[in-house]
Every structure is written in structure tokens, then in C-alpha cells.
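So the structure is just underneath, and the comments pick up after that.
The values are calculated or read from the model by the stated rules, or taken from the named source; none is laboratory data. All figures in this text were calculated on a predicted structure; none of them were measured in a lab. All Cβ positions, glycine included, derive from the backbone under ideal geometry; neighbour counts span all protein chains shown. Each accessible area value is taken on the protein alone, full model and side chains, heavy atoms only, with ligands, DNA and RNA left out. Shrake-Rupley method; radii C 1.70, N 1.55, O 1.52, S 1.80 Å.
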Amino acid sequence: MKILCVDDEPLMLQMLELSIQEAKPDAEVFAFEDQDELLEEAKKGDCDIAFLDIHMRGMTGVELAKELKKVNPKMNIIFVTGFSEYAGEAMKMHASGYIMKPVTKEKVEEELNDLRFPIIPKENALLKVQCFGNF
């Protein structure tokens, strides 16, 4: 499982990353302070979940979520914020979850246990074979 997270405040990002790692120790967690870097990583593929701070300098978490949905419409977006007034925007985005800061392992586990799009382990993925012409 590949999880991306972004927060423009280094201490909050560190807390978020640590909470995710504690909740899901077998996951690959990639943390970013820059929204564009997270977006570039998402374009590489295989991203299952993104934890996005909503209130950031530059591109907001909601704007970033819209871009991520273009990359992968089935990506689970979990918004993280200290401002409750953004809950409405998160719901309009059909987000998988919403966490109020401070982030804890328990809050992350709760959201991961109730994802909008189930995560299919790679070992259970179906094999697709496509042939060309008469081959």
C-alpha cells in the first residue's frame, strides 16, 4: 500500500507521517511539504491513499484533491485540518475521510478502516493479458 501525505508545516507533517506509520506499519509512506511534489509522485501511479492538509500556502488541499482525482479517480482522499469550516468542501469532494488536528494513530486507523474505495492487495490483483493480432 502506498500512502502520500502533505502539510506545509514541517512539525505537523512529521506528526502525520508518524501517525500513519504507526497505524499502517506495512505501508509505504511518502511525506511532502510541497503540493507539486506530491502531485508528481501521484502521477507515477500505484497510490492508494492521500492525506492532505486543507489549509496550505499556494494550492489548498481541496485544489490538490481535484488534481489527484484527475490522476486517479479511485484514490482515497483523507483531509487533515485544524479548521472545521472546511468540512463542507471535503464532503463535496466525496472525500474518504476527515481528520481534525492533532493527528493521532487512532484517528488515522479509524479513517483507514472506513475507506470509500477498498484497497485491493497487489497479490490479489487480477492479471490482465492483452495479445496483438493473431498472437
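The number of residues in region 21-32 being over 21 Å from N72 (Cβ atoms) and surrounded by 15 or more Cβ atoms within 10 Å (Cβ to Cβ) comes to 2. Every test in (1) out of contact with any Cys (no Cβ under 7 Å at 6 or more places or on another chain); (2) modelled with pLDDT under 95; (3) of a type outside the set (A, V, I, L, M) is passed by F30 save one, and that test is (2). L52 passes every criterion in (1) closer than 14 Å to V6 by Cβ; (2) out of contact with any Gly (no Cβ under 8 Å at 6 or more places or on another chain); (3) at pLDDT 95 or above; (4) not small (G, A, S) apart from (2).
Tallying residues that are assigned to a helix (DSSP H, G or I), open to solvent by 60 Å² or more (accessible area, probe 1.4 Å) and out of contact with any helix residue (DSSP H, G or I) (no Cβ under 8 Å at 6 or more places or on another chain) within region 78-92 yields 4.
At pLDDT 90 or above and open to solvent by less than 40 Å² (accessible area, probe 1.4 Å): is that true of M75 in this structure? Yes: the conditions hold for M75.
In this structure, G45 does not qualify as more than 19 Å from L112 (Cα to Cα), open to solvent by 60 Å² or more (accessible area, probe 1.4 Å), among the small types (G, A, S) and not in a helix (DSSP H, G or I). Pairs linking a residue in region 84-113 that is without any contact (Cβ under 8 Å) to a residue 24 or more places away in the chain and among the hydroxyl-bearing types (S, T, Y) to a residue that is open to solvent by 60 Å² or more (accessible area, probe 1.4 Å) and part of a helix (DSSP H, G or I), with Cβ atoms under 9 Å and 6 or more positions apart or on different chains, are Y98/M91. Inside region 93-122, residues that are open to solvent by 40 Å² or more (accessible area, probe 1.4 Å), closer than 15 Å to L52 by Cβ and touching a helix residue (DSSP H, G or I) at 6+ places or on another chain (Cβ under 8 Å) make up a count of 4. Of all residues in region 45-93, those that are of a type in the set (K, R) and either under 13 Å from the mean Cα position of the chain (by Cα) or within 20 Å of K24 (Cβ to Cβ) (or both) total 3. Of all residues in region 1-24, exactly one satisfies the criterion of being assigned to a helix (DSSP H, G or I) and touching a Leu at 6+ places or on another chain (Cβ under 7 Å), namely A23.
Within region 1-20, being open to solvent by 80 Å² or more (accessible area, probe 1.4 Å) and either under 14 Å from the mean Cα position of the chain (by Cα) or closer than 19 Å to E63 by Cβ (or both) holds for one residue alone: E9.
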